[in-house]
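All remarks here apply to the structure that follows.
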Amino acid sequence: MYSMISYWLKYYRHECGLTQQQVADRLKIERSTYTYYETGKTKPDINTLIKIAKVFNVSYTALLKGVEEELEDAIAEIHSGAAQEDETQKYRTHATTKYEVELLFVVRNLNPKQRKEVMNLAKELIAEKD
């Protein structure tokens, strides 16, 4: 699942002009392991996060930007979901999928104009389906 950590890993790697293989080599890990970090399949532990930050010449906290908001949003959603469960039950037929959560993270990283374009495209696709 895509996350803010994944986003920043990819962002800083591109800023440094490095390939995934080059980062993996500097960390002395397999490229696939680093790829999993960028795609969100796994998350680096704090020691690895610090090493990655050194490769990118940034503070490890730069790689954690937005993580607190993700957690706050998730917690708020859980709390509000419990309070609104009766109301949402008439609309909700299944749990949020991993795909939907990943899509949400991607959309949150778009600028307002891009978000509007994505929304318009989604509406067009729905209209074509009907």
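The values are calculated or read from the model by the stated rules, or taken from the named source; none is laboratory data. Computed from a prediction, not measured in an experiment: that's the story for all the values here. A quick note on method: Cβ atoms are made from the backbone with ideal geometry, for glycine too, and the neighbour counts reach across all protein chains shown.
General remarks:
- So residue 104, is it outside any helix (DSSP H, G or I), surrounded by 12 or more Cβ atoms within 10 Å (Cβ to Cβ) and at pLDDT below 80: no
- Within the stretch 52-65, the set of residues being within 23 Å of residue 109 (Cα to Cα) and not in a loop (DSSP other than H, G, I, E, B) comprises 52, 53, 56, 60, 61, 62, 63, 64.
- Residues of the stretch 1-34 classified as of a type outside the set (Lys, Arg) and within 14 Å of the chain's Cα centre (by Cα), total: 10
- In the stretch 1-51, the residue that is nearest to residue 63 (Cα to Cα) out of those that are of a type in the set (Asp, Glu) and in a helix (DSSP H, G or I) is 38.
- So residue 46, is it modelled with pLDDT of 90 or more and out of contact with any strand residue (DSSP E or B) (no Cβ under 7 Å at 6 or more places or on another chain): yes
- Within the stretch 1-60, tally of residues that are surrounded by fewer than 13 Cβ atoms within 10 Å (Cβ to Cβ) and acidic (Asp, Glu): 3
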